[in-house]
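First comes the structure, then the notes that go with it.
Rule-based calculations on the coordinates, nothing more; no lab input. Keep in mind that this is a model prediction, so the values were computed, not measured. We place every Cβ from the backbone using ideal geometry, glycine too, and count neighbours over all the protein chains shown.
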Amino acid sequence: MKRVLTAAAALFFSAACTAESPEPGVASADAGEPTWSVACASGSAPIDGVGDLELDCLGDEAATAVGAGDKPLVIVLWASWCVPCQAEAPEVEAFYQAHGNAVDVLGVDTADTRDQGRWFAEEFAMTFPSVSDPEEAIRIGLGVPALPGVAFVNPDGTVAELVVEPGVTAESLTAAAESAFGMELS
């Protein structure tokens with residue numbers, strides 16, 4: 001079962017996360033080249049709503065097939081300019097550190113520049129892979145109204161659950177993954 005926002009809530013979050021906002025803590029382009037570079041792995045099962053899609057890995061620019069693999073997949077949609085994404089980044093990283101052996105995590109830097117995305121990933125010490133999606137193909141394909149968003153994808157590519165409300169924590173991600181995938185992560 002998928003969770004969705006009401007139209008009014010979606011409009012509010014869309015307005016909050018689509019306009020450029022100050023980027024506290026995220027370095028600017030004049031600070032030099034970001035050094036963050038986490039390689040991506042391609043998935044083999046196309047994701048419902050997204051289909052066969054190839055995007056550049058944010059870390060090394062390698063072409064990456066966006067799809068599910070052998071483990072359940074948690075897709076995290078974020079951008080450097082999204083204020084709620086800044087608050088969620090440490091929580092997503094904590095979730096990945098705790099459960100990356102049981103589930104795959106793929107970040108999707110959405111409607112952003114590669115350098116700003118890499119600065120963001122570096123600032124928040126992200127160790128999970130991310131792809132660059134400047135055209136928002138994944139967000140649109142999944143039906144996520146605005147950033148941030150999280151999709152829980154089964155190994156066969158079916159979307160088990162969407163979380164489109166900001167404010168996820170490592171604990172809420174764990175609970176949602178356990179529910180969506182029918183597994184014990186704690």
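Starting from residues that are among the aromatic types (Phe, Trp, Tyr) and touching a residue at least 40 places away in the same chain (Cβ under 8 Å), keep the ones in segment 106-132 and report whichever is farthest from Thr35 (Cα to Cα). Don't jump to the end; show me each part of the working.
Within segment 106-132, the first condition is being among the aromatic types (Phe, Trp, Tyr), and the residues that meet it are 119-120, 124, 128.
Still in the running and touching a residue at least 40 places away in the same chain (Cβ under 8 Å): 119-120, 128.
Values: Trp119: 8, Phe120: 11, Phe128: 15 Å.
This residue is Phe128.
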Filtered residues of segment 79-103 (kept if out of contact with any Ser or Thr (no Cβ under 7 Å at 6 or more places or on another chain), surrounded by 21 or more Cβ atoms within 10 Å (Cβ to Cβ) and outside any loop (DSSP other than H, G, I, E, B)): Cys85, Gln86, Glu88, Ala89, Val92
Filter result (assigned to a loop (DSSP other than H, G, I, E, B), of a type outside the set (D, E, K, R) and closer than 16 Å to Ile138 by Cβ) within segment 42-68: Ser42, Gly43, Pro46, Gly49, Val50, Leu58, Gly67
